[in-house]
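Contents: one structure, followed by commentary.
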Amino acid sequence: MLIIPAIDIKEGRCVRLTEGRFEDVEIFSDDPVMMAVKWADKGAKMLHVIDLDGARYGKLTNISLLEQIVKKVNVPVQVGGGIRHYKEVKRLVALGVNRIILGTILWKDKPLAKRLFEDFPEQIIAGIDARDGHVAIEGWQNIAPVDALDFASEMEKLGVRRIIYTDIKRDGTLMGPNILNIEKMVKKLNIPLIVSGGIASLNDIKELKKFEALGIEGIIIGKALYKGSILLEETIKLVVSE
């Protein structure tokens with residue numbers, strides 16, 4: 001199981017939001033590239049980088065920082081936030097991004113999503129962000145009239161090979177993950193699942209690790225790492241040893 005540090009970029013800084021609210025932001029570094037290097041040096045086998053400005057405005061905004069991160073670290077990087085066109089996916093692949101997370105276009109342009117699943121089968125991830133069980137789109141500012149579990153199944157049938165599931169109401173809260181919904185999601189799918197939202201302690205990691213055999217491939221951790229309630233080295237050791 002992968003432990004994947006999150007690097008969220010807003011206006012060039014490394015930040016964390018609470019429950020996906022752009023007005024509730026905490027800055028942790030003025031240098032996201034340095035932060036990426038830090039997590040890689042501490043043993044991360046993959047990084048999760050989100051262009052929050054891109055997610056909000058529907059267009060990749062912090063592309064130069066994404067490029068610098070990919071060049072500076074020697075581990076795979078998965079990137080999301082405002083990726084809504086075929087040419088943007090091609091551009092990120094050319095930059096060396098290993099995985100590309102699609103969100104809004106999964107709902108708004110399913111033919112394009114299907115084409116991307118087919119053309120970049122190993123690189124594309126479906127990012128399903130849920131608020132109160134329903135899919136959130138357009139930088140989490142709007143809610144689509146579809147159940148997140150049903151939508152995940154639809155994306156699997158459409159051809160995606162991997163899903164990231166985030167419970168927005170837990171994200172950045174340090175309240176612990178929504179184990180019940182995660183269990184429902186992993187049991188519903190036949191493809192690997194990466195989960196995020198609310199992870200606060202090693203006990204949370206232990207709880208999620210119970211579902212590894214069912215298909216949980218990775219856990220994205222954000223604020224807990226930045227606040228120090230979880231140490232990356234200890235967490236990696238935990239998932240490797242147990």
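Screening V79, V89 for residues that are of a type in the set (V, I, T) and under 15 Å from P5 (Cβ atoms) leaves exactly one candidate, V79. If the condition is being modelled with pLDDT of 95 or more and touching a Leu at 6+ places or on another chain (Cβ under 9 Å), then region 16-34 contributes P32, V33.
Screening region 75-119 for helices (runs of 4 or more DSSP H) wholly inside it with 1 or more residues that are within 17 Å of the chain's Cα centre (by Cα) and among the aliphatic types (A, V, I, L, M) returns the ranges 86-95, 104-108.
Is one or more of the residues making up region 51-73 touching a residue at least 60 places away in the same chain (Cβ under 8 Å), outside any loop (DSSP other than H, G, I, E, B) and surrounded by fewer than 21 Cβ atoms within 10 Å (Cβ to Cβ)?
Yes.
The one condition from (1) more than 23 Å from I83 (Cα to Cα); (2) at pLDDT 95 or above that I164 does not meet is (1).
The number of residues in region 209-225 being surrounded by 21 or more Cβ atoms within 10 Å (Cβ to Cβ) and of a type outside the set (K, R) comes to 8.
Take the residues of region 27-53 that are among the charged types (D, E, K, R) and within 18 Å of the chain's Cα centre (by Cα): which is farthest from N98 (Cα to Cα)?
So the residue we want is D53.
Which of the following residues is crowded, with 19+ Cβ neighbours inside 10 Å and more than 23 Å from G215 (Cβ to Cβ): G103, G139, G96, G127?
G139
When residues in region 22-64 are screened for being of a type outside the set (D, E, K, R) and over 19 Å from G139 (Cα atoms), 15 of them pass. Here is the figure for region 138-162: residues that are farther than 14 Å from G103 by Cα and outside any helix (DSSP H, G or I) total 4.
Condition test on G218, is it under 17 Å from the mean Cα position of the chain (by Cα), modelled with pLDDT of 95 or more and under 24 Å from S29 (Cβ atoms)? First the steps, then the outcome.
Values: under 17 Å from the mean Cα position of the chain (by Cα): yes; modelled with pLDDT of 95 or more: yes; under 24 Å from S29 (Cβ atoms): yes.
Yes: the conditions hold for G218.
Being closer than 17 Å to K59 by Cβ and touching a helix residue (DSSP H, G or I) at 6+ places or on another chain (Cβ under 7 Å) narrows it down to one of I128, I137, so name that one. Every option except I137 fails the conditions.
Annotation: T173 fulfils all but one of (1) in contact with a Ser or Thr (Cβ under 8 Å, 6 or more places away or on another chain); (2) buried (at least 17 other Cβ atoms within 10 Å of the Cβ); the unmet one is (2).
The values are calculated or read from the model by the stated rules, or taken from the named source; none is laboratory data. None of these values were measured; they are calculated from a predicted model. Cβ coordinates were reconstructed from backbone atoms using ideal geometry, including for glycine residues, and neighbour counts include every protein chain displayed.
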